[in-house]
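The values are calculated or read from the model by the stated rules, or taken from the named source; none is laboratory data. These numbers come from a predicted model, not from an experiment. Don't worry about glycine lacking a Cβ; one is built from the backbone with ideal geometry, like all the others, and counts go over all protein chains shown.
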Amino acid sequence: MEFGDAKLVYRLNHKDDKVWEELFNSYYESLCNHAYRILLDESVTEDIVQEVFVKLWDGRAVFENEKALTVYLYRSVTNNALKYLRDRDVEEVRLKLWSEVEQEMTEEDFSSVVREEVLRKLRELIELLPEERKKIILMSMEGMSGEEIATQLGVTIHTVKQQKYRAYKFIKEQLGSYWSVAMIFFL
């Protein structure tokens, strides 16, 4: 889902059910990963993330663009996770650590959040690929060689290379200037 489109942001701000479902599906996994790094408890993690979406739906927040939305979601998840730790008096050491992170995010934490966002965007773009191209990219990401992919799919190695090239080209075009950021994390 591409939220940079002003029409989609407008529909999101006006509580369009379909856009909200896509928003949830697009961000849920990344937000859960982020919350889990704070809480180390999957069931609480899912509750925290779902609560953020419910409060967002019930609230009156309006977003100018996807960046503002992303910042809001990650900040809300972080704040709610820290509040949970504080209210439950869970592991004071972890709470203290994350409180310090709130004041000054380390380079590693920032990289982790950026990596989650890049992965989220890549998963989103891979879903837009034609079915055969998607299969080839996913198999490649699982570590299969071009020859293994060709054998398993019953196509030539040339077809595999060409489909990978087209997929990378599409992803590069969609990411635009962020392509170099994506490559830093995956090289």
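If I ask for residues that are in contact with a His (Cβ under 7 Å, 6 or more places away or on another chain) and either aromatic (Phe, Trp, Tyr) or outside the structural domain of Arg37 (by the TED database) (or both), which ones from segment 51-88 would you list?
Hit for segment 51-88 is Tyr74, nothing else.
I'm trying to understand the selection: among the residues of segment 138-148, which are more than 26 Å from Ser30 (Cβ to Cβ) and in a helix (DSSP H, G or I)?
If the condition is that a residue be more than 26 Å from Ser30 (Cβ to Cβ) and in a helix (DSSP H, G or I), then Gly146, Glu147, Glu148 are the ones that fit.
State whether the residues of segment 175-182 include one that is loosely packed, with under 14 Cβ neighbours inside 10 Å, at pLDDT 80 or above and assigned to a helix (DSSP H, G or I).
No, the conditions are met nowhere in segment 175-182.
Out of the residues in segment 38-64 that are loosely packed, with under 13 Cβ neighbours inside 10 Å and touching a residue at least 40 places away in the same chain (Cβ under 8 Å), state the one that is farthest from Trp20 (Cα to Cα).
Looking at the filtered set, the residue picked out is Leu40.
Report the residue count in segment 20-29 for those that are more than 16 Å from Asp58 (Cβ to Cβ) and either of a type in the set (Phe, Trp, Tyr) or in contact with a helix residue (DSSP H, G or I) (Cβ under 9 Å, 6 or more places away or on another chain) (or both).
5
May I ask you to list the residues in segment 15-44 that are of a type in the set (A, V, I, L, M) and either in contact with a strand residue (DSSP E or B) (Cβ under 9 Å, 6 or more places away or on another chain) or modelled with pLDDT under 80 (or both)?
If the condition is that a residue be of a type in the set (A, V, I, L, M) and either in contact with a strand residue (DSSP E or B) (Cβ under 9 Å, 6 or more places away or on another chain) or modelled with pLDDT under 80 (or both), then Val19, Leu23 are the ones that fit.
Listed here are the residues, each with its yes/no results for (1) in contact with a Gly (Cβ under 8 Å, 6 or more places away or on another chain); (2) at pLDDT below 65; (3) outside any helix (DSSP H, G or I).
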position: Phe110; (1), (2), (3): no, yes, no
position: Arg133; (1), (2), (3): no, no, no
position: Ile136; (1), (2), (3): no, no, no
position: Ala150; (1), (2), (3): no, no, no
position: Val160; (1), (2), (3): yes, no, no
position: Lys164; (1), (2), (3): yes, no, no
position: Lys172; (1), (2), (3): no, no, no
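Return the pair list, or none, for Cβ contacts closer than 9 Å from residues in segment 5-34 that are small (Gly, Ala, Ser) to residues that are in a loop (DSSP other than H, G, I, E, B), at least 6 apart or on different chains.
So the pair list comes out as Ala6/Asn65; Ser26/Met1; Ser26/Phe3.
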